[in-house]
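So the structure is just underneath, and the comments pick up after that.
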Amino acid sequence: MRISLRRALLLAALSAVTALAWQDYRLRVTVNMVELDATVVDDHGGYSVPYLKASDFRILVDGQPQEIKNCSFVRTNDVPPPPPVAADPPADPLSAPAGQPAMPSAPLQRDRVNRTIVLFVGDLLTSSESIPAIRAGLTKFVLEQVRPGDLVAIVRSSAGLGALQDFTSDKGMLLAAVDQVPLTANAAGAEMTADRAAIETTATVLQLLRRLAGLPGRKSVVLISDSLRLATPEELNPVNGQTDPGAGMHRLVDESLRAGVVLYGIDTRGTSWSDSQALTAQTGGFTIAESSRIDAALERVMADQRGYYVLQFQPSADVMQPKIAGPPDFHKLKVEALHPGLTVRSHGGFFGIGDEYRNSTPTMAAILSKAMESPLPLSDIHLDSEASFLTGKNSYFMRVTVYIDGRDVEFNGPPAHMTGGVHLLVRAFNANGESSPGGIDDDRQIDVDDSSYRRTLNYGLVYTTLLTVPKPGPYRVRIVCRDDATGKIGASSDFVDIPSTKASGVRLSGIVFQHDLGIDDQVAPASVPGVYSAGQTAGFSFQISWNGARPNMDRLEIRTRLYRDGVEVWHSMSAPIAADAANFARGSLQVPAGLNPGNYLLRVDIEDRYTPYTPTAWQWAKLRVR
């Protein structure tokens, strides 16, 4: 059987214990200090036991006691419920009817992340009979248990770590990810042997742990599968006549410690209970066996995230002595609570090599690639992005607008002719994490005179491009910008769900503001500000499309609405709408007085004049108010 390039790269990652470059570990393993997290459980099942001190713990490395240098308790913050959502018109992001876009959520900033959760569906090791219960449980979890401040990703072993299977707090996006879990689970691995499926699943989990290392919050990975059997090539294929039965376990345990990740298992059939229990226990988690109630099992896992300790100790020189040849030694780690009635769950070991020996100087390509993968905005260069879709005859396009803070780009030269330069990466990823053909990976020179330089500083820079995608569906658009002069990097992303042209009803394309307009495929100073004040008018345009009978355009009216934190704060009166021969229409919004400065969502509604306040179609766009 041919192995794809992606799978070959994953398998190659298991051949060494070197970390990926440019990682920012929350927990560290160095020659001078080892940090680890530990969950303390009492006899009554209580997880948050916040009163312990360093003297209440004992840490053993290979059976030898270690002096604990620091002990701190971290409580996962309780977060308030989301603000009430206006009921008329429906603004709940989960109540949008098919074919109409759900309300987008604001991107989550690093300092606001509370929990980082990965729901890993091992579909290569799962039967089709188990998938309906898994999908139902994931849906219930998204609807009821995902909270503000959560970064959640739904990952499938058959699809690897695709960019769309991304971390988000947007419930609409997470439900779309649930829909990508195939109903015929074994289709992706039907031609694989059980050994090969175990190797590929292990490789994906290992890469996932490395990718999680730089993310904030309390991090947990929940492995959901009929069979949680994991393996590496060394465990299955003799090397010099011998096998290494602990290779996969040791690597996963070591990487989970350095990344600050706890692994949990939901074994839907209980067919590999002992294997799963051994792995999760070695990372501070546990396995729930024979669970068909995925949502109930996930609720139990989330309860385990309420509080934990971070412990530090200084390892002896012989433990962290790098070896000249061969892999580093794996050292067994045990944490005990000295109070009766308390049990500690923590990581079971680590390799005797510090992070400082594992990390190499990253190449620029690796740095840009890492920025492209990051689920959180990178703001050395302040970016914002807006992606919208257009449809043609049997063709689909995405118009991508990138706003760059002109003060973050360095210009040189005389006032009459100043130049700057940026490198731009623009990619669209489909539901399987595959990059669509095309995209941008090029340098762009920026030429400005004195007048346009002042606009650059006041209004910023605008870049627009058009990407072709092969079919409708959800896409994640990612943008990375690097300033040539300083090396500073910014990253942003947007989510676009292109409806099928076969779906009935009226649809609106993305909203294009006047301040979006620029010279295609060039970085240029904005002609007007992208931030509005009370009384200013924001003009925009959009395309109307439909399937079936052409709507009576004379009956259509336009109404605009503004939302803040999911709540409607203002709406306009309805007005007649006129579209040109290509079904493009124009509209405008005069920013009302009394709005607090900040980020808003604009919703453009199309209504039938005989049924006002009942929109036929709508579309969302971001609007910033001074």
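The values are calculated or read from the model by the stated rules, or taken from the named source; none is laboratory data. On a predicted model such as this, the values are computed, not experimentally measured, just so you know. Virtual Cβ from ideal backbone geometry, glycine too; neighbours counted across all protein chains shown.
Could you check, for the stretch 385-402, whether at least one of its residues is assigned by TED's automatic domain parsing to the domain that holds Leu602, under 26 Å from Asp450 (Cβ atoms) and small (Gly, Ala, Ser)? Within the stretch 385-402, not a single residue is assigned by TED's automatic domain parsing to the domain that holds Leu602, under 26 Å from Asp450 (Cβ atoms) and small (Gly, Ala, Ser). If you check His331, His347, His382, His417 for being closer than 22 Å to Leu208 by Cβ and either modelled with pLDDT under 80 or touching a strand residue (DSSP E or B) at 6+ places or on another chain (Cβ under 9 Å) (or both), only one passes: His347.
Taking the stretch 393-432 as the range and being over 22 Å from Pro474 (Cα atoms) and among the small types (Gly, Ala, Ser) as the test, the residues that pass are Gly406, Gly413, Ala416, Gly420, Gly421. Among the numbered conditions (1) out of contact with any Phe, Trp or Tyr (no Cβ under 8 Å at 6 or more places or on another chain); (2) without any contact (Cβ under 8 Å) to a residue 60 or more places away in the chain, the only one that Pro551 does not meet is (2).
If you go through the stretch 470-510 and keep only what is within 25 Å of Arg603 (Cα to Cα) and β-branched (Val, Ile, Thr), you end up with Val477, Ile479, Val496, Ile498, Thr501, Val506. Listed by position, the strands (runs of 3 or more DSSP E) inside the stretch 427-510 whose residues that are small (Gly, Ala, Ser) number at least 2 are 489-498. One residue stands out in the stretch 462-479 among those that are hydrophobic (A, V, I, L, M, F, W, C) and under 17 Å from Pro375 (Cα atoms): the one that is surrounded by the most Cβ atoms within 10 Å (Cβ to Cβ), namely Ile479. Listed conditions (1) acidic (Asp, Glu); (2) at pLDDT below 90; (3) touching a helix residue (DSSP H, G or I) at 6+ places or on another chain (Cβ under 9 Å) are all met by Asp43, apart from (3). Of all residues in the stretch 375-393, those satisfying the criterion of being touching a residue at least 24 places away in the same chain (Cβ under 8 Å) and surrounded by fewer than 17 Cβ atoms within 10 Å (Cβ to Cβ) are Ser379, Asp380.
Considering only residues that are farther than 14 Å from Leu623 by Cα and surrounded by 14 or more Cβ atoms within 10 Å (Cβ to Cβ), look in the stretch 587-608 and name the one that is nearest to the chain's Cα centre (by Cα). By that ranking, first place goes to Asp605. Restricted to the stretch 438-461, and to residues there that are closer than 30 Å to Ser395 by Cβ and of a type in the set (A, V, I, L, M), the residue that is surrounded by the most Cβ atoms within 10 Å (Cβ to Cβ) is Leu461.
The number of residues in the stretch 420-437 that are free of Cβ contacts under 8 Å to residues at least 40 places away in the same chain and surrounded by 14 or more Cβ atoms within 10 Å (Cβ to Cβ) comes to 1. Scan the stretch 355-374 and give yes if some residue there is part of a loop (DSSP other than H, G, I, E, B), at pLDDT below 85 and in contact with a strand residue (DSSP E or B) (Cβ under 8 Å, 6 or more places away or on another chain), otherwise no. Yes, the stretch 355-374 has at least one match.
Scan the stretch 337-356 for residues that are in contact (Cβ under 8 Å) with a residue 60 or more places away in the chain and surrounded by 16 or more Cβ atoms within 10 Å (Cβ to Cβ) and the total you get is 13. For Ile134, the criteria (1) in a helix (DSSP H, G or I); (2) modelled with pLDDT under 80; (3) buried (at least 21 other Cβ atoms within 10 Å of the Cβ) hold in every case but one, which is (2). Number of residues in the stretch 572-612 that are over 25 Å from Ala534 (Cβ atoms) and among the hydroxyl-bearing types (Ser, Thr, Tyr) equals 2. For Ala106, state whether it is modelled with pLDDT under 85, in the same structural domain as Ile224 (by TED's automatic domain parsing) and either crowded, with 21+ Cβ neighbours inside 10 Å or touching a strand residue (DSSP E or B) at 6+ places or on another chain (Cβ under 8 Å) (or both). Judged against the criteria, Ala106 is not a match. Inspection of the stretch 465-472 finds no residue satisfying the criterion of being modelled with pLDDT of 95 or more, assigned by TED's automatic domain parsing to the domain that holds Ser388 and among the β-branched types (Val, Ile, Thr). Listed by position, the strands (runs of 3 or more DSSP E) contained in the stretch 528-598 that have at least 3 residues being modelled with pLDDT under 90, in the same structural domain as Ser500 (by TED's automatic domain parsing) and farther than 23 Å from Leu383 by Cα are 537-547.
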